[in-house]
1. In the range A:8-31, which residues are closer than 22 Å to residue A:122 by Cβ and part of a helix (DSSP H, G or I)?
2. Residue A:96 - would you say it is within 15 Å of the chain's Cα centre (by Cα) and not in a helix (DSSP H, G or I)?
3. From A:32, A:121, A:48, A:90, grab the single residue that is within 19 Å of residue B:81 (Cβ to Cβ) and at pLDDT below 95.
4. Please go through the range A:20-53 and give me each residue that is more than 7 Å from chain B (Cβ to nearest Cβ) and touching a strand residue (DSSP E or B) at 6+ places or on another chain (Cβ under 7 Å), ordered by number.
5. Just checking, how many residues over the range B:74-88 are surrounded by fewer than 18 Cβ atoms within 10 Å (Cβ to Cβ) and more than 9 Å from every other protein chain (Cβ to nearest Cβ)?
6. For the range B:53-71: of the residues being under 18 Å from residue A:44 (Cβ atoms) and more than 7 Å from every other protein chain (Cβ to nearest Cβ), which is surrounded by the most Cβ atoms within 10 Å (Cβ to Cβ)?
């Protein structure tokens, strides 16, 4: 069960993640994007999801990653991500509710390059009963 | 879209040309590596069936990435997108050895200066796979 006390709290990811050109190239290749000078709009999920996994599965929060389904996703992109960006990623648990035994959490992720907020994203994650 | 004196006019209600993407297991593997999402429901049929899915399903975020490509092709590049959101209503089901369609279209919902809001539609095998899908681009 997800700890209800985690709602409203912000957790900082442990890692600083440097975006490499090869990561952008690989993401572009999947969608046949030939301009690899900036990352495609959904690229930041690569960073957010990996950080979510390490943050949200902590015993203090208690998300069961093996039963997770992605409900919805929103991005606000303040500038495109480029190779060389170094991100710290935070996760804020905005809401938690339970419906038919499923735990539904909405999580906000902010990606900062130094003091610059580059992308905010919101994910609704469903831990299936 | 209306052409007036060579300029392309974008107005509320303008319907964009539909595009079909094709999704197969190879693309799911490539996306798993590119995104870091190695959940076996997107690659392993036996596992997908064991958790009650009809077959291997595409990553919702792969669907969103492909629809994003549709948006950026129209808007003039990846840097044009300011907001992008969608709900994953039904999975894109990807049986072995076939390419399934992801059919995408859009309508201009709002024009505010150089910002254009698009309402997006995405279906696979005739089933709506994204709900409330929307993008705001600078054009």
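1. A:27
2. Against the criterion (within 15 Å of the chain's Cα centre (by Cα) and not in a helix (DSSP H, G or I)), residue A:96 does not qualify.
3. Sole residue among the options that is within 19 Å of residue B:81 (Cβ to Cβ) and at pLDDT below 95: A:48.
4. Hits for the range A:20-53 are A:44, A:47, A:48, A:51, A:52.
5. Of the residues in the range B:74-88, 1 are surrounded by fewer than 18 Cβ atoms within 10 Å (Cβ to Cβ) and more than 9 Å from every other protein chain (Cβ to nearest Cβ).
6. B:67
The values are calculated or read from the model by the stated rules, or taken from the named source; none is laboratory data. Just so we're clear, the structure is a prediction, and the values are computed from it rather than from any experiment. FYI the Cβ positions are ideal-geometry reconstructions off the backbone, even for glycines, and counts take in every protein chain you see.
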